[in-house]
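Report on the following structure.
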């Protein structure tokens, strides 16, 4: 019998103040090597941009003011990028609770994602060439209905990433 038609249906209000607070969880920081990876990526971009500016300077020989303005802009842009890398590596973090995974990222615009284990479809560990050189990994968490991973936790030591993957896999299969 349908509970709505029989009068047994209830939809009680939840006391929001009694819900668990993710802000109280002490998050684990990412590997210091992740900052190095961010700086390497920024440096590669800087090299290409500065090479382009150098080539452009030969064509803009009569426009020294424009050259120095563009050069100054890129110096400021990449200075900001290095500072942003530092803040991201310092502030990003992850946590594992009984029923969910928490990942905080961002520095100006902070974003916190809490993914309950019952929504996770599968978990993988990924390492690209630079990750292998630096001995770090990215944990990817996939949930239902998404195209691609919903949460990427970069900058983890490979042993930590594998241990987290196994723990989450156990919990989503119902063995924990």
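The values are calculated or read from the model by the stated rules, or taken from the named source; none is laboratory data. Just so you know, these numbers come straight off a predicted model, no measurement behind them. All Cβ positions, even for glycine, are placed from backbone atoms using ideal geometry, and neighbour counts span all protein chains on display.
I'd like to verify a number: residues in region 56-100 that are in contact (Cβ under 8 Å) with a residue 12 or more places away in the chain and not in a helix (DSSP H, G or I), how many?
8
Return the residue satisfying two criteria in turn: it lies in region 6-45 and is in a helix (DSSP H, G or I) and modelled with pLDDT under 85, and of such residues it is farthest from residue 82 (Cα to Cα). Break it down stepwise before answering.
Residues of region 6-45 in a helix (DSSP H, G or I): 6, 16-18, 22-24, 32-45.
Of the ones still in play, those that are also modelled with pLDDT under 85 are 6, 16-18, 22-24.
Values: 6: 63, 16: 40, 17: 39, 18: 41, 22: 29, 23: 27, 24: 30 Å.
Filtering region 6-45 for residues that are in a helix (DSSP H, G or I) and modelled with pLDDT under 85, the one farthest from residue 82 (Cα to Cα) comes out as 6.
From the list 48, 67, 59, 71, pick out the single residue that is loosely packed, with under 13 Cβ neighbours inside 10 Å, modelled with pLDDT under 85 and not assigned by TED's automatic domain parsing to the domain that holds residue 128.
On the way: 48 fails: modelled with pLDDT under 85; 67 fails: loosely packed, with under 13 Cβ neighbours inside 10 Å; 71 fails: loosely packed, with under 13 Cβ neighbours inside 10 Å.
After ruling out the rest, the residue left standing is 59.
Does residue 109 satisfy being modelled with pLDDT of 90 or more and more than 21 Å from residue 29 (Cβ to Cβ)?
no
Taking the residues in region 126-148 that are more than 14 Å from residue 101 (Cα to Cα) and within 16 Å of the chain's Cα centre (by Cα) as candidates, determine which candidate is surrounded by the fewest Cβ atoms within 10 Å (Cβ to Cβ).
Checked region 126-148; the qualifying residue surrounded by the fewest Cβ atoms within 10 Å (Cβ to Cβ) is 148.
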